[in-house]
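Participant: Quick one: the structure is below, questions incoming.
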Amino acid sequence: MTSIGRGLCLTVVCMALGACAKMPIATVPVAERDMIEARLMRDISVLASDEFGGREPGTLGEDLTVGFLIEEMQAAGLTSGTNDPGSAWRAPVQLVSTAPSDSQVSLNIGDQSIALDGSSGAAFTSANRLLVDNAQMIFVGYEAESIEPESIAGKVVVMLGEPGVSPRRRSRLFQANPAAIITVVENEDAIAGINRAFGRERMILASEEEKRLTAFVTHAAMQSANGADHWDALVAESRGDAFSPGPLEPTVSIDAMSNRREIASSNVLGLLPGSVPGSGAILLMGHWDHLGECSAADAGDLICNGAVDNASGIAVMLELTRRLNASGPHDRDVYVLATSAEEAGLLGAKAFAEQPPIPLNTIVAAFNFDTAAVAPAGSAVGFVGEGRTPLDPIILDVMEQGGRELGNRDFAEQFVRRQDGWVLLEEGVPAVFLSTAFSSEIVLGPYLSDDYHRPSDQIENIELGGAIDDLLLHQELVERFASTARYPASEQ
């Protein structure tokens, strides 16, 4: 699960958890639930072990995780789902990790150069190094929509910062291929905030990398270079309808460097072949990655093991796969996808959507598994993605027949864009995320406040009752959606 706020109210936790802990939903005998729990516990113990090091992409932890997943999928009766004989099981996810290392911004007036210190100017790039020297600046103020691309191509654009709007305006201006964009911000506090936001290491898909040069300077710096009265007049003029972008007298030199690493990661793809060719496919998905070492060097425990997030979701998906194989064959293919780099921004899911093994429009239904081991047995079900797909009537019908209650809709809705299924929804694939863990703030809140993205997310703190309920609910749903008779094309 990607990062979210932890400020959830926990004042009624004890009372509410007691209310949540109803009797388990009796869809299988107790002895069978016990066996399911033992297998889930075994898989989580492996994935969340210190040996796997927190399952960070591009590390030994990835190698061990991917190897384990392939071994378990093979044992469950799956074949490779990549549909690529040259890359069985592993679907490449090419990543770039970049962290700013140094920058310098200088404003030049004739022979004089004003070198800005780190409190009044900063520059960033994902490339190892990008620079411009003594380049002309074009002041565009708040403009972006009406600017002719050829007027700023290859030049340094200076725009005025506007909270909530600047990122979109920069993106629009970068489409014209300027040499760099400088955003003028209010003061040194704003520069400090930008350094915090842009100064962290981040991971992106190599296919999405845009080696751009972005800089930020204060109004005071621009006043020094342009003259305070002249600059203030330009800013005032830019707010009027008659404003027209134009060159500034000073030139600028910008030099930005970063520590850049290319990472060859992998999604893992398995397949339970269906018996009716051409009838479409069901997709099960969950992210295998976590954060690796996430504590300060002097901390007692450096590793974020991610037992709940998301060793538990992967364990549920693997056990569901075993049960589907045992109850098959099913009419439709069932693909099983373990994604990389979800924690960095759903990157493995994006890589899958960019290069799917089958046309995305042949996926009849997709189910995501994430942060499963939180709720006790008998808890309500959080329906993330409700109202966005044609799957709802059958999902709600199966839940009603199984005596399952629907969780807090408003709470579940908060997470729709923070899980891998969102990437597929944006591509028109009917994808949902059903989980007892996401049924309410009361259920998920203690985990978010105490263990989420922390070394304390350990196997000792997991709760598998709700996870088993979720598994059995998904088995019924997948078996129904995988049947051409029970879910014909006419209902899709």
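Participant: Quick one: which strands (runs of 3 or more DSSP E) lie wholly within region 90-207 and hold at least 1 residues that are open to solvent by less than 80 Å² (accessible area, probe 1.4 Å), modelled with pLDDT of 95 or more and over 30 Å from Pro357 (Cβ atoms)?
Facilitator: 90-109, 112-116, 121-124, 129-141, 156-160, 180-185
Participant: Turning to a different aspect of this structure: In region 183-217, what residues are of a type in the set (Asp, Glu) and over 22 Å from Ala144 (Cβ atoms)?
Facilitator: Glu188, Asp189, Glu201, Glu209
Participant: Scanning for something surrounded by fewer than 22 Cβ atoms within 10 Å (Cβ to Cβ) and either without any contact (Cβ under 8 Å) to a residue 40 or more places away in the chain or not in a loop (DSSP other than H, G, I, E, B) (or both), does region 367-387 turn up at least one residue?
Facilitator: Yes, region 367-387 has at least one match.
Participant: When only residues in region 55-87 that are of a type in the set (Asp, Glu) and assigned to a loop (DSSP other than H, G, I, E, B) count, which is modelled with the highest pLDDT? Before you say what the answer is, go through the steps one by one.
Facilitator: The initial filter retains those residues of region 55-87 that are of a type in the set (Asp, Glu), namely 56, 62-63, 71-72, 84.
Right, trim to assigned to a loop (DSSP other than H, G, I, E, B) and you get 56, 84.
Details: Glu56: 97, Asp84: 92.
Filtering region 55-87 for residues that are of a type in the set (Asp, Glu) and assigned to a loop (DSSP other than H, G, I, E, B), the one modelled with the highest pLDDT comes out as Glu56.
Participant: Do any residues in region 252-269 that are under 26 Å from Ala338 (Cα atoms) have Cβ atoms under 7 Å from those of residues that are open to solvent by 20 Å² or more (accessible area, probe 1.4 Å) and among the basic types (Lys, Arg), where the two are at least six apart or on different chains, and which pairs are they?
Facilitator: What qualifies is Ser266/Arg90; Val268/Arg90.
Participant: Just name the residue that is surrounded by the fewest Cβ atoms within 10 Å (Cβ to Cβ) out of those in region 293-323 that are of a type in the set (Gly, Ala, Ser) and modelled with pLDDT of 95 or more.
Facilitator: The first filter runs over region 293-323 and keeps only residues of a type in the set (Gly, Ala, Ser), leaving 295-297, 299-300, 306-307, 311-313, 315.
Now narrow it down to the ones that are modelled with pLDDT of 95 or more: 306-307, 311-313, 315.
Working: Gly306: 35, Ala307: 24, Ala311: 31, Ser312: 32, Gly313: 33, Ala315: 30.
Among those that are of a type in the set (Gly, Ala, Ser) and modelled with pLDDT of 95 or more, it is Ala307.
Participant: Restricting the first residue to region 143-164 and requiring it to be at positive phi, which pairs with a second residue that is open to solvent by 30 Å² or more (accessible area, probe 1.4 Å) and of a type in the set (A, V, I, L, M, F, W, C) meet a Cβ separation below 9 Å and a spacing of at least six or different chains?
Facilitator: Filtered contacts from region 143-164: Gly154/Ala179.
Participant: Would you confirm whether or not region 226-241 contains a residue that is among the β-branched types (Val, Ile, Thr) and over 30 Å from the mean Cα position of the chain (by Cα)?
Facilitator: Scanning region 226-241, I find at least one residue that is among the β-branched types (Val, Ile, Thr) and over 30 Å from the mean Cα position of the chain (by Cα), so the answer is yes.
Participant: Of the conditions (1) more than 30 Å from Gly292 (Cβ to Cβ); (2) in a loop (DSSP other than H, G, I, E, B); (3) touching a strand residue (DSSP E or B) at 6+ places or on another chain (Cβ under 6 Å), Gly403 clears all except one; give me its number.
Facilitator: (3)
Participant: Also: Which of (1) touching a helix residue (DSSP H, G or I) at 6+ places or on another chain (Cβ under 7 Å); (2) surrounded by fewer than 24 Cβ atoms within 10 Å (Cβ to Cβ) is the odd one out, the single condition Ser275 does not satisfy?
Facilitator: For Ser275, the failing item is (1).
Participant: Scan region 208-231 residue by residue and report those that are closer than 30 Å to Gly348 by Cβ, in a helix (DSSP H, G or I) and touching a helix residue (DSSP H, G or I) at 6+ places or on another chain (Cβ under 7 Å).
Facilitator: Let us first name the residues in region 208-231 that are closer than 30 Å to Gly348 by Cβ, namely 208-214.
Now narrow it down to the ones that are in a helix (DSSP H, G or I): 208.
Of everything in region 208-231, nothing turns out to be closer than 30 Å to Gly348 by Cβ, in a helix (DSSP H, G or I) and touching a helix residue (DSSP H, G or I) at 6+ places or on another chain (Cβ under 7 Å).
The values are calculated or read from the model by the stated rules, or taken from the named source; none is laboratory data. This structure is a prediction, so every number in the text was calculated from the model and none was measured. Ideal geometry is used to build each Cβ from the backbone, glycine not excepted, and the neighbour counts take in all protein chains shown. With ligands, DNA and RNA removed, areas are computed over all heavy atoms of the protein, side chains included. Shrake-Rupley method; radii C 1.70, N 1.55, O 1.52, S 1.80 Å.
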